[in-house]
Amino acid sequence: MSPKIYAAISGAGHYAPEKVLTNADLERMVDTSDEWIRTRTGIRERRIAAEGECTSDMGAEAARRALANAGLAAEDVEAVYVATCTPDMVFPSTACLIQAAIGAGRAYGYDLSAACSGFLMALDAAAAAIESGRIRTALVIGAEKLSTVTDWTSRDTCVLFGDGAGAVVLTASDRPGIRSNYLGVDGNQADILYIPAGGCKRPPSEETIRQHQHFIHMAGRETFKIAVNTMLGAAQEAIRRAGLQESDIDWMIFHQANWRIIDAVAKRLGDGSADRAIMNLDRYGNTSAASIPLALSEAVADGRIQSGHKVLMVAFGGGLTWGGTVVEWI
Ligand code: ACO
């Protein structure tokens, strides 16, 4: 019998656009305050892509950096998975554009839409392809240009979002790097967090533009409550499926939407402190599918995540969608 093939992350990279939009800048755009934004969300600033800088550009740069971190070349990549809800175009997919931009001539690829949970869903698909033996090397990218779907006249949402990208290289391994995956959706609650127009249900028209229907709409308070309970459940299930205890986890990376959500969930896991939670939402805001790989890549780059560490990643977003994954850093 041939030995079992596992999937493991062998490199991570991220990219954040240069332009910084601070809370003070937002105070000049809508009726808000730095104090409100910091205390209610934890966000101090976010990055905004330059005009003409697209999701594929940010994703390609994160991918190049992840490949360099893994010590691999673009020709080694056999599949490109891109999680995004802000693709450059309806089609071709952002994955095709990134495949061309980085020169991954052997790779197939596609986009995956699961809002803020997209990265963990894409990681699951890539891991399954590697574990089945069909491919040995994949790029998994979360990239978003949320500034294009943010209503800059609405203080309810415009203070929350930012642009950026994160990527990992997933490779075949004789040791289990991806220790568990737990994914879920609930389409019954699709309308608490969504972009109403732009698809075939409400194609773009003067009216949809006038009514700001191409922007993110969110019932914030309702989303908040569901997020806390769902993320806690996803975290516990992912740890259980990995055959671990909560105390075995070295680092927790939650989708960076709100520090109060992260704090509440982290404190209910294990020793009652949020010390193991990696946070960067103060500098980037909510970057949807990019938020988890961006935080992961930063923590790898600054040496917090070390070989042998067990890292819990937990996502929650529009759909509703959610996921929990435990990885062991090989
Ligand atoms: N500045 C000042 N005041 C504001 C602002 C603002 N930017 N936004 C709202 N307020 C006001 C409201 O109008 C309200 O005033 P009122 O009491 O007079 O009516 C008050 O502040 C409180 O509003 P709430 O909505 O109750 O504020 P809350 O504490 O819930 O915080 C927030 C809002 C930050 C949006 C929070 O609900 C949240 O983080 N929700 C979850 C977000 C999330 O997890 N999303 C999932 C992923 S995102 C994705 O999938 C794309």
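Looking at the structure I just gave you, is THR137 open to solvent by less than 20 Å² (accessible area, probe 1.4 Å) and within 16 Å of the ligand (Cβ to nearest atom)?
Taking the combined requirement at face value, the residue does not satisfy it.
Please enumerate the residues belonging to the stretch 73-94 that are part of a helix (DSSP H, G or I) and free of Cβ contacts under 8 Å to residues at least 40 places away in the same chain.
ALA74, GLU75
Just one of ALA63, ALA73 is under 21 Å from ALA83 (Cα atoms) and hydrophobic (A, V, I, L, M, F, W, C); which is it?
Residue meeting the stated conditions: ALA63.
Just give me the residues in the stretch 264-284 being more than 14 Å from TYR15 (Cα to Cα) and within 17 Å of the chain's Cα centre (by Cα), in sequence order.
Scanning the stretch 264-284 gives ALA277, ILE278, MET279, LEU281, ASP282.
Got a sec? Which helices (runs of 4 or more DSSP H) wholly within the stretch 1-71 have at least 1 residues that are free of Cβ contacts under 8 Å to residues at least 60 places away in the same chain, over 30 Å from LYS225 (Cβ atoms) and open to solvent by 60 Å² or more (accessible area, probe 1.4 Å)?
So the answer is 55-70.
Looking at GLY162, GLY109, GLY118, can you tell me which residue is touching a Phe, Trp or Tyr at 6+ places or on another chain (Cβ under 7 Å), open to solvent by less than 10 Å² (accessible area, probe 1.4 Å) and assigned by TED's automatic domain parsing to the domain that holds ALA73?
GLY162
Rundown of residues vs (1) surrounded by 15 or more Cβ atoms within 10 Å (Cβ to Cβ); (2) acidic (Asp, Glu); (3) over 20 Å from GLY319 (Cα atoms); (4) in the same structural domain as VAL185 (by TED's automatic domain parsing), yes/no style:
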position: PRO196; (1), (2), (3), (4): yes, no, no, yes
position: PRO203; (1), (2), (3), (4): no, no, no, yes
position: GLN213; (1), (2), (3), (4): yes, no, no, yes
position: PHE224; (1), (2), (3), (4): yes, no, no, yes
position: THR230; (1), (2), (3), (4): yes, no, no, yes
position: ARG241; (1), (2), (3), (4): yes, no, yes, yes
position: SER273; (1), (2), (3), (4): no, no, yes, yes
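Results for (1) away from the ligand (no atom under 14 Å from the Cβ); (2) touching an Asp or Glu at 6+ places or on another chain (Cβ under 7 Å); (3) among the aromatic types (Phe, Trp, Tyr); (4) not assigned by TED's automatic domain parsing to the domain that holds ARG106, shown as yes or no for each residue.
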site: ALA16; (1), (2), (3), (4): yes, no, no, no
site: ASP25; (1), (2), (3), (4): no, no, no, no
site: VAL30; (1), (2), (3), (4): no, no, no, no
site: GLU35; (1), (2), (3), (4): no, no, no, no
site: ARG47; (1), (2), (3), (4): yes, yes, no, no
site: LEU67; (1), (2), (3), (4): yes, no, no, no
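Please determine, by comparing only the residues of the stretch 278-322 that are under 21 Å from LEU244 (Cα atoms) and within 11 Å of the ligand (Cβ to nearest atom), which one is most open to solvent (accessible area, probe 1.4 Å).
TRP322
The values are calculated or read from the model by the stated rules, or taken from the named source; none is laboratory data. Being a predicted model, the structure only gives us computed values, none of them experimental. All Cβ positions, glycine included, derive from the backbone under ideal geometry; neighbour counts span all protein chains shown. The area values use the complete protein model at the heavy-atom level, side chains included, leaving out ligands, DNA and RNA. Shrake-Rupley method; radii C 1.70, N 1.55, O 1.52, S 1.80 Å.
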